[in-house]
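Take a look at the structure below.
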Amino acid sequence: MAKPDYERIHDEAIVIDAVCPLMVRREYIDWWIEGGVSAAGPTVGAFERAGPTLRALGDWLRAIDGDPRLVQIKRAADFATAKAAGKFGLFFHFQGTEPIENDLNLIDAYKALGVGMIQLAYNVKNRVGDGCEERTDAGLSTFGLKVVERLNEARVVVDCSHTGYRTTMEAIEASSRPVDFSHANPKAVRDSRRNITDEQMKAAAGTGGLVGMVGFPSFVSASPRPTLDEFVDHIDYAVGLVGDDHVGLGLDYFQGQVPVVDDDEALRMYEHRVAIGDWRPESYPPPPHRFPDGIATPRDFRNLTRRLLERSHSEQTTKKILGGNWVRVFREVWGE
């Protein structure tokens, strides 16, 4: 019996979820595999300095080597190779520049280990610039300019998610390679400090980069239980604004979401984030944090493919959004 069209399209596509903090708990890798995802970007660095980050990378490399289902992705061609071999591909992502400390040479070391995308800030101010939750909007620092230059030289994607408006715009202007917002939604659809303006989206697209749509509930909707259609509303708006070559997925499934943790553990994790200043309650309401119905976990990725087609996106556009656009950006930055 022939598969429904959406299943065929999903199975043919290279499906990429570019931002996956939940994968720090590796037992959940199975969820992405069950959902027919081809490759994903676990968050392997963010708040720690170089020593702990290097140990985490070594642990990841050993885990990949010890699991026959997994393969590391370091070049754009690896996505197709992994899919053809029936392997689940992993590339590494930092959500912040703390692991770089004040040593630009660490960027080259991380690149050699497979870090393919580095986010400039995580909500708050650092050596590079301001985060999007800061009370100031001071822009890219002198060191930040050097970081962007070295990321370009090392062929690491510059990621502006979680980063302040002026810092992102100056980084985009300074970059000689495509820049992305790996996980950020249009502010015009949902007004949150973590979402981004039309100007930011157009600027990233102008570099050849893209915007990855994020599923964290308060960035999707005012409702604590957003719908799949509300999530697709963000995709539709982004495609209408910057074109279907510049929209991808960075769902940002994380350790504190339903159904990964119980209510008590989720609240403890949340209160810690608020206490240390990483999260503001205005942008990050208290748990429970439920991702959009229909894509509540990575196991449900096929539902997104079906809904994109139902919402009149063509097969070609759907495959671009699911992962084809990420492959193009990675090809332009990492090389074939």
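The values are calculated or read from the model by the stated rules, or taken from the named source; none is laboratory data. Everything quoted here is computed from the prediction, not taken from an experiment. As a convention, Cβ positions derive from the backbone with ideal geometry for all residues, glycine included, and neighbour counts pool all protein chains shown. All accessible areas refer to the heavy atoms of the entire protein, side chains included, with ligands and DNA or RNA removed. Shrake-Rupley method; radii C 1.70, N 1.55, O 1.52, S 1.80 Å.
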query = Looking at segment 276-296, is at least one residue more than 21 Å from residue 181 (Cβ to Cβ) and either part of a helix (DSSP H, G or I) or touching a Cys at 6+ places or on another chain (Cβ under 9 Å) (or both)?
reply = no
message = Can you find a residue that is among the β-branched types (Val, Ile, Thr), open to solvent by 10 Å² or more (accessible area, probe 1.4 Å) and either closer than 20 Å to residue 133 by Cα or touching a residue at least 60 places away in the same chain (Cβ under 8 Å) (or both) anywhere in segment 249-266?
response = yes
remark   = Over segment 157-187, the set of residues out of contact with any strand residue (DSSP E or B) (no Cβ under 8 Å at 6 or more places or on another chain) and small (Gly, Ala, Ser) is 174, 176
task = For segment 242-260, state whether one or more residues are over 25 Å from residue 303 (Cβ atoms), under 16 Å from the mean Cα position of the chain (by Cα) and not in a helix (DSSP H, G or I).
result = no
ask   = For segment 224-231, does any single residue satisfy the condition of being of a type in the set (Ser, Thr, Tyr), without any contact (Cβ under 8 Å) to a residue 40 or more places away in the chain and open to solvent by 10 Å² or more (accessible area, probe 1.4 Å)?
value = no
message = Anything in segment 84-111 that is assigned to a helix (DSSP H, G or I), open to solvent by 10 Å² or more (accessible area, probe 1.4 Å) and within 18 Å of residue 42 (Cβ to Cβ)? List them, or say none.
response = 98, 111
ask   = Picking from 235, 196, 172, which residue would you name as being within 19 Å of residue 97 (Cα to Cα) and touching a residue at least 12 places away in the same chain (Cβ under 8 Å)?
value = 172
note = Per the filter on segment 24-55, residues part of a helix (DSSP H, G or I), open to solvent by less than 10 Å² (accessible area, probe 1.4 Å) and under 19 Å from residue 248 (Cα atoms) are 32
inquiry  = Residues that are of a type outside the set (Gly, Ala, Ser) and within 16 Å of residue 278 (Cβ to Cβ): does segment 142-163 have at least one?
reply    = yes
